Structure formats: structure tokens, C-alpha cells
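> Can you read through this structure? Questions will come right after.
The values are calculated or read from the model by the stated rules, or taken from the named source; none is laboratory data. Owing to the predicted nature of the structure, the values given are computational and were not obtained by experimental measurement. Glycine gets a Cβ as well: all are built from the backbone with ideal geometry, and neighbour counts include every protein chain shown.
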Amino acid sequence: MKVPLQVMQGPLAKGLPLPFYAYEGDAGLQLPTAVEIVISPRSGVQIVTDLYFVIPEGYYLHVESRGASAILGVGFDLTIVDEGYRGAVNLVAWNKSDNPVLVERGTVLGQVILRRYEVAEVTEITPEEFAQAPQTERGTARIGSSGNKPRYLQPGEVR
């Protein structure tokens, strides 16, 4: 099923392609950048796309990095763009490498995924009602509780 997604290009994005799917079956629309910028090592920047979206009711855009960007050490703060937002969608990118990264105009660093969402009806409950809620296997176990996690190598430890 195709859902209409309207996009306006601002003046900096003129001449660039609209967001596009690189291949049949892709989930993410490729998001070209509107300006050239160098991302310094170990630093973050906001990258201008100069693209404005009219997001359909009941949907939001999820901004994510591409695999090719990650190989260079460039990642993104995952961003949610709500359906009511009408400003430019920009990328918040981080260069995690020790080398400067050149992002030329038209480079596709990020992608947006159109996602449907449900609206929660929030109700307050008492501690007694919370205690009566069904128990779960996880319970109050926190991050890393599954035991399957990476660890730091110790000084001198070689792999």
C-alpha cells in the first residue's frame, strides 16, 4: 500500500532529487543533503536538507542513518518528525571517527521511514492497582539484564 507523502523543496534543495527509494522494497526514503559541510572528527553537526514534509494523519517520519554512512563513522541521533511539524527536516549527524568527513551537496547520509502510530490513552493507576497488574518474566530487570552484552577489553587483553 502506498501512502501519499508531500514534500516541498526549499531554495537550497532546488535541483536535487526529492527523497526517493533506492531499490524496490526499501523501507527508507533516501534524504539528500542541501549543502556541503565537513564534519570534524568526534563532533556533531546539523546538516541542512531544506526539505519540508506534509505528513499524513496517523503517521510520523523516523530519521535514521544509512549503512554506508555508518561505515565512515557517521551516525545520527534518531529523530521523530511528528505529523504536525512543518519546518525543514534536518539531520543531526555525529562523526565518531578520528577523520574529518566531507558531505557534498546531494550526498545521501540519512533516510526517513514513514511509520504509522497509535495514540495512547493515558490513565493514572494507584500503587495497589499497579501491584495487581499481570507479572512478567522480565519484571524490573534493567538494561543489560539479558546477559548478552558487549564488554570493554582489559588493558593488555588481545582478541
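> Scanning the range 16-36 for residues that are among the aliphatic types (A, V, I, L, M) and out of contact with any Lys or Arg (no Cβ under 8 Å at 6 or more places or on another chain), which turns out surrounded by the most Cβ atoms within 10 Å (Cβ to Cβ)? Walk me through how you get there before you give the answer.
Restricting attention to the range 16-36, the residues satisfying the condition of being among the aliphatic types (A, V, I, L, M) are 16, 18, 22, 27, 29, 31, 34-35.
Subset that is out of contact with any Lys or Arg (no Cβ under 8 Å at 6 or more places or on another chain): 18, 22, 27, 29, 31.
Numbers: Leu18: 15, Ala22: 11, Ala27: 12, Leu29: 19, Leu31: 25.
Of everything passing the filter in the range 16-36, Leu31 is surrounded by the most Cβ atoms within 10 Å (Cβ to Cβ).
> When the range 71-85 is examined, which residues are found to be surrounded by 15 or more Cβ atoms within 10 Å (Cβ to Cβ), within 18 Å of Val108 (Cβ to Cβ) and more than 8 Å from the chain's Cα centre (by Cα)?
Leu72, Gly73, Val74, Gly75, Val81
> A follow-up question, please. Are any of the residues in the range 115-126 closer than 22 Å to Leu18 by Cβ and within 19 Å of the chain's Cα centre (by Cα)?
Checked against the condition, which is being closer than 22 Å to Leu18 by Cβ and within 19 Å of the chain's Cα centre (by Cα), the range 115-126 yields at least one hit.
> Conditions: (1) under 20 Å from Leu114 (Cα atoms); (2) buried (at least 18 other Cβ atoms within 10 Å of the Cβ); (3) not basic (Lys, Arg). Ile39 meets all but one. Number of the miss?
For Ile39, the exception is condition (1).
> If I ask for residues that are farther than 15 Å from Leu109 by Cα and of a type outside the set (Phe, Trp, Tyr), which ones from the range 28-53 would you list?
Matches in the range 28-53: Ser40, Pro41, Arg42, Ser43.
> Can you tell me which residue is modelled with the highest pLDDT among those in the range 86-106 that are crowded, with 18+ Cβ neighbours inside 10 Å and not hydrophobic (A, V, I, L, M, F, W, C)?
Across the range 86-106, the extreme among qualifying residues is Asn95.
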